[in-house]
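Please read the structure below before turning to the comments.
The values are calculated or read from the model by the stated rules, or taken from the named source; none is laboratory data. Please read these numbers as outputs of a predicted model, since none were measured by experiment. Note that each Cβ is placed from the backbone with ideal geometry, even for glycine, and that neighbours are counted across all protein chains shown.
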Amino acid sequence: MMGKLNLFDCDRKTLESYFADIGEKSFRAHQLLKWIYQHGVINIESMSNLSNDLRAYLKENTSVKLPEIITEKKSKDGTKKWLIKVDEKNSIETVFIPENDRGTLCISTQVGCALDCKFCSTAQQGFQSQPFERGNYWPGLGCQQNTWSF
């Protein structure tokens, strides 16, 4: 028996195919992605523009599992760093740098980095690999869901 599909691992085309396979219209993929990435909602029951039947089906057959945050560090200036597990061998770093009128979020989407930012341990590794085939920004959402408070 296969495990539940983690919707968080799916890109738009994968979700469109998934919804078509279960007899739903492909626009459901857009609705789901909007809930997750624009509204930051990962609780399927809260996705109010999905029918009750679809929400029940998704709750039973899928999950929305965020990446695991291995460590979180906060410096005196308010900068926060998260080490996020990619797989059993690799992790990436995400850094939030607060400023008076805004904040900057540096999201690693690869293991290691070719840039040489002195504050970033990922950059100190040098570039190693590109583990993601999809282009979503789950490290940022994972940090937001787990720890951000502005």
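When only residues in the range 33-48 that are farther than 15 Å from T62 by Cβ and touching a residue at least 12 places away in the same chain (Cβ under 8 Å) count, which is surrounded by the most Cβ atoms within 10 Å (Cβ to Cβ)? In this case the residue turns out to be Y37. Look at (1) closer than 22 Å to G3 by Cβ; (2) part of a loop (DSSP other than H, G, I, E, B) and you find that A114 fails only one, number (1). Looking across the range 1-32 at every residue that is closer than 14 Å to T62 by Cα and of a type in the set (A, V, I, L, M), the one that is surrounded by the most Cβ atoms within 10 Å (Cβ to Cβ) is identified as L32.
Selection of the range 49-69 for residues being of a type in the set (A, V, I, L, M) and either over 29 Å from T94 (Cα atoms) or loosely packed, with under 13 Cβ neighbours inside 10 Å (or both) yields L50, L54, A56, L58. Out of the residues in the range 66-95 that are in a loop (DSSP other than H, G, I, E, B) and within 26 Å of I44 (Cβ to Cβ), which is farthest from the chain's Cα centre (by Cα)? Ranking the qualifying residues of the range 66-95, first place goes to D87. Residues of the range 50-69 being at pLDDT 90 or above and not acidic (D, E), which ones? Of everything in the range 50-69, those that are at pLDDT 90 or above and not acidic (D, E) turn out to be L50, S51, N52, L54, R55, A56, Y57, L58, K59, N61, T62, S63.
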